[in-house]
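So the structure is just underneath, and the comments pick up after that.
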Amino acid sequence: MGLPPGPPGAGALLFFILFFLPRELGVSGHLGSPAAPDLGLKTGMILPLDFREANSSRIEAIQADRGARRRLRLLQGAGDHKQSARMRLYDDLLTRGYYTTRLMIGTPPQEFALIVDSGSTVTYVPCSTCQHCGLHQDPRFQPDESSTYEPLKCNAECSCDEEKNQCTYDRQYAERSTSSGVLGEDVISFGNESNLAPQRAVFGCENSETGDLFSQHADGIMGLGHGPLSVVDQLVKKGVISDSFSLCYGGMGVGGGAMVLGEISPPPDMVFSYSDAHRSPYYNLDLKEIRVAGKKLLLKSRIFNGKHGTVLDSGTTYAYLPTEAFTSLRDAVMNHVASLKLISGPDPNFKDICFYGAGSDASHLSETFPEVDMVFGNGQKLLLSPENYLFQHSKVKGAYCLGIFNNENDQTTLLGGIIVRNTLVMYDRAKQRVGFWKTNCSSLQKNVQLFNDSPLLAPAPSPSVITGNSTEAPFSALPPKALSDLLAGDLNVSIISFDMHVNINKSEMMKHLPELSEAMARDLEVNVSQVNFVRIESEGQGTFIQWDISPLGSTRHFSRDAAVDIITRLLEYRVRLPENFGPYKIMSWKVGLTSERTWWKRHLLTIAGGSLGIIVVAFISAFLLWRHQQRENAYAPVNPDQPEQELQPL
């Protein structure tokens with residue numbers, strides 16, 4: 001099956017959705033052969049996706065904070081009060097093409113970056129026995145090092161290995177990448193932010209991968225789709241979560257957002273579409289028409305019901321429409337912005353439709369580009385603002401490209417993550433519906449933390465230094481608010497130190513230290529002069545490197561916001577090293593704190609000492625002057641035996 005033309009960044013865009021089928025849904029917009037979904041279980045868990053704020057989004061997030069807090073009380077007062085698990089999400093649509101979360105597997109926990117995928121059922125990670133696996137973000141899973149790991153024994157309900165000992169899985173994708181391995185069962189934990197206890201679950205231990213799966217940065221997949229191997233289905237079957245989950249992606253230039261696994265109380269103005277669980281094995285919508293600037297496109301509603309219908313998929317980056325629908329939408333948008341200049345896309349291999357002249361402030365795009373409405377069968381409509389169908393040009397500042405593409409010969413309408421930026425999407429499987437609620441997802445993620453019943457952080461360490469160790473407490477367990485609380489009061493951050501482990505030998509690493517410093521400065525958004533190499537040591541086949549991040553120039557300390565931002569970026573692995581460095585791990589970190597004292601407090605000792613000295617000198621001077629005056633005024637009786645001596649001339 002061929003692939004349609006894709007948007008720029010083909011490696012990120014052609015990442016594929018998994019389903020527990022021989023052939024599966026792919027990011028390219030092509031769908032594999034369907035199979036009857038395995039539903040029928042009911043019952044809830046919270047996972048927030050982490051976010052990356054762009055400067056243009058900070059003000060909006062702050063302004064939305066108060067409203068989001070109020071609305072979150074609605075969201076969290078839902079369901080049957082089962083336990084919830086909250087996990088951060090990393091990466092973003094533009095740079096990676098997907099979102100990842102961190103999942104811990106085994107005892108002791110081994111941590112992995114997994115792509116969150118509503119079209120996939122199998123959750124898998126590279127195994128230590130893998131003969132052909134790429135160099136990913138984290139070390140491979142070591143079954144022998146987990147005391148709770150058990151292979152899934154061969155049975156009538158699974159495919160088995162050649163020895164008929166262990167169940168296997170084998171996935172093939174439309175763009176010819178593959179993943180295969182064995183199935184095992186182990187304890188899966190969701191991080192220290194979660195109040196859901198670790199649960200035993202079946203997952204894939206990968207022994208081979210090819211194509212984009214081999215070259216991607218993420219370790220593997222976290223399956224949220226329909227099917228017995230889905231994380232959602234397994235937790236639902238255990239009765240620990242409800243049969244529902246929700247996703248909330250950040251806006252343009254912002255990664256992350258919030259994810260909720262389990263039932264939530266939908267806001268009163270949430271828009272719903274019927275989702276027929278038997279229509280296809282994927283989460284589908286009852287899309288009937290599209291309007292651009294209020295005008296209905298001249299399309300018959302059946303165009304959105306071809307093949308697998310209209311599929312909503314968290315693992316796909318952009319949107320793909322059947323040819324007729326794409327042409328009609330493209331022409332309507334281009335006619336509305338005819339005054340803008342058409343320019344070439346960032347990748348010459350793709351014929352992207354890009355516009356220049358709308359300004360570089362993404363928050364003002366709605367002043368130029370039209371609103372697009374997706375109207376469902378019940379008459380309710382999902383409003384798409386420009387950030388829901390445009391992406392930023394990576395080479396021309398102030399240019400934007402259409403993020404909706406022609407699905408060519410495939411009649412499926414595939415809606416990816418771009419469509420639901422800054423939208424809370426509720427996959428209500430129990431009621432066979434999908435809900436949409438426009439909100440600031442970055443602000444929502446922050447406030448989910450504030451309303452968590454479980455403690456965010458253990459008691460703070462010594463006030464002179466704050467430390468952490470990734471092997472004892474995953475960094476994802478330390479949200480920005482907790483950092484702010486630690487740095488509250490009269491303390492300032494004077495230095496930020498951390499140890500990094502890279503899978504490159506010491507001699508080779510020494511050659512690339514300047515390149516590594518520049519990469520860290522770029523992603524931490526500091527000056528390269530602030531990134532200071534301290535020491536380097538060999539560790540097996542890898543290298544430990546200690547770094548210090550110091551305040552800029554003559555500044556004595558970081559502002560509290562700057563310190564929290566830098567630490568958060570480190571803890572969330574936002575530093576993207578060049579591909580030749582391979583995966584890395586932050587092993588430990590330390591923050592040096594100084595007291596925030598006023599000028600009088602800082603110089604009190606000097607002032608006191610000086611004042612005391614002045615008083616002493618004044619006292620001695622006064623005493624000597626007094627004695628001198630006493631001597632001048634003291635006349636002794638004249639000794640008659642000796643003549644009075646005259647004063648000698650000076």
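The values are calculated or read from the model by the stated rules, or taken from the named source; none is laboratory data. Note that the structure is a prediction, hence the values are computed from the model and not measured. Glycine also receives a Cβ, built like all others from the backbone with ideal geometry; neighbour counts cover every protein chain displayed. Surface accessibility is based on the protein's heavy atoms, side chains included, excluding ligands, DNA and RNA. Shrake-Rupley method; radii C 1.70, N 1.55, O 1.52, S 1.80 Å.
What's the total number of residues in region 273-306 that are open to solvent by less than 10 Å² (accessible area, probe 1.4 Å) and of a type in the set (Lys, Arg)? Qualifying residue count, region 273-306: 0.
Given the criterion crowded, with 20+ Cβ neighbours inside 10 Å and among the acidic types (Asp, Glu), identify the matching residue among Asp269, Asp219. Quick ask: steps written out before the conclusion?
Values: Asp269 fails: crowded, with 20+ Cβ neighbours inside 10 Å.
Among Asp269, Asp219, only Asp219 is crowded, with 20+ Cβ neighbours inside 10 Å and among the acidic types (Asp, Glu).
Just checking, does region 307-326 include any residue being of a type in the set (S, T, N, Q), in a helix (DSSP H, G or I) and open to solvent by 20 Å² or more (accessible area, probe 1.4 Å)? Yes; the residues of region 307-326 include at least one that is of a type in the set (S, T, N, Q), in a helix (DSSP H, G or I) and open to solvent by 20 Å² or more (accessible area, probe 1.4 Å). Of all residues in region 118-148, those being touching a Phe, Trp or Tyr at 6+ places or on another chain (Cβ under 8 Å) and not in a loop (DSSP other than H, G, I, E, B) number 7.
Identify the residue in region 184-224 that is of a type in the set (Asp, Glu) and assigned to a loop (DSSP other than H, G, I, E, B) and, among all such residues, is nearest to Asn155 (Cα to Cα).
Taking the candidates together, the pick is Asp219.
For region 376-400: of the residues being open to solvent by 30 Å² or more (accessible area, probe 1.4 Å) and hydrophobic (A, V, I, L, M, F, W, C), which is farthest from Thr310 (Cα to Cα)? Looking at residues that are open to solvent by 30 Å² or more (accessible area, probe 1.4 Å) and hydrophobic (A, V, I, L, M, F, W, C), I get Val396. Of the listed requirements (1) on the phi < 0 side of the Ramachandran plot; (2) within 24 Å of the chain's Cα centre (by Cα); (3) assigned to a loop (DSSP other than H, G, I, E, B), Ala562 misses just one: (3). If the condition is being at pLDDT below 85 and open to solvent by less than 10 Å² (accessible area, probe 1.4 Å), then region 425-447 contributes Cys441, Ser442, Ser443, Leu444, Gln445, Asn447. For beta carbons closer than 6 Å, sequence separation of 6+ or different chains, a first residue in region 135-163 that is crowded, with 17+ Cβ neighbours inside 10 Å and a second that is among the β-branched types (Val, Ile, Thr) and not in a strand (DSSP E or B), the qualifying pairs are Ser146/Thr107. Test Thr210 against the criterion of being under 29 Å from Arg576 (Cβ atoms), at pLDDT 90 or above, out of contact with any Pro (no Cβ under 8 Å at 6 or more places or on another chain) and open to solvent by 30 Å² or more (accessible area, probe 1.4 Å), and give yes or no. Taking the combined requirement at face value, the residue satisfies it.
Among the candidates Ala174, Ala197, Ala156, Ala113, which residue alone is small (Gly, Ala, Ser), closer than 28 Å to Leu577 by Cα and at pLDDT below 95? Exactly one of Ala174, Ala197, Ala156, Ala113 is small (Gly, Ala, Ser), closer than 28 Å to Leu577 by Cα and at pLDDT below 95, namely Ala113. Could you tell me whether any residue of region 255-270 is more than 23 Å from Ala332 (Cα to Cα), over 23 Å from the mean Cα position of the chain (by Cα) and of a type in the set (A, V, I, L, M, F, W, C)? Yes; the residues of region 255-270 include at least one that is more than 23 Å from Ala332 (Cα to Cα), over 23 Å from the mean Cα position of the chain (by Cα) and of a type in the set (A, V, I, L, M, F, W, C).
Picking from residues in region 164-174 that are out of contact with any helix residue (DSSP H, G or I) (no Cβ under 9 Å at 6 or more places or on another chain) and under 21 Å from Ser128 (Cβ atoms), the one that is surrounded by the most Cβ atoms within 10 Å (Cβ to Cβ) is Tyr169. In the set (1) modelled with pLDDT of 90 or more; (2) in a loop (DSSP other than H, G, I, E, B); (3) among the β-branched types (Val, Ile, Thr), Ile241 fails one condition alone, (1). Going by the structure shown, is Thr543 part of a strand (DSSP E or B) and at pLDDT below 75? Judged against the criteria, Thr543 is not a match.
Scanning region 496-517 for residues that are surrounded by fewer than 18 Cβ atoms within 10 Å (Cβ to Cβ) and of a type in the set (A, V, I, L, M) returns Met510, Leu513. If only residues of region 518-535 that are part of a helix (DSSP H, G or I) and closer than 18 Å to Glu572 by Cα are counted, the one that is most open to solvent (accessible area, probe 1.4 Å) is Arg522. Looking across region 253-276, the residues that are under 20 Å from Arg88 (Cβ atoms) and assigned to a loop (DSSP other than H, G, I, E, B) come down to Gly253, Val254, Gly256, Gly262, Ile264. Contact annotation: residue pairs with Cβ atoms under 7 Å, 6 or more positions apart or on different chains, pairing a residue in region 544-566 that is under 15 Å from Ser517 (Cα atoms) with a partner that is among the basic types (Lys, Arg), are Gln546/Arg535.
Glu539 meets all of the listed conditions (1) among the charged types (D, E, K, R); (2) open to solvent by 20 Å² or more (accessible area, probe 1.4 Å); (3) within 18 Å of Arg574 (Cβ to Cβ) but one, namely (3).
Contact annotation: residue pairs with Cβ atoms under 6 Å, 6 or more positions apart or on different chains, pairing a residue in region 414-427 that is of a type in the set (Lys, Arg) with a partner that is open to solvent by 10 Å² or more (accessible area, probe 1.4 Å) and part of a helix (DSSP H, G or I), are Arg421/Glu387. Has region 256-265 got any residue that is more than 15 Å from Val434 (Cβ to Cβ), out of contact with any helix residue (DSSP H, G or I) (no Cβ under 6 Å at 6 or more places or on another chain) and surrounded by fewer than 19 Cβ atoms within 10 Å (Cβ to Cβ)? No - not one qualifying residue is present in region 256-265.
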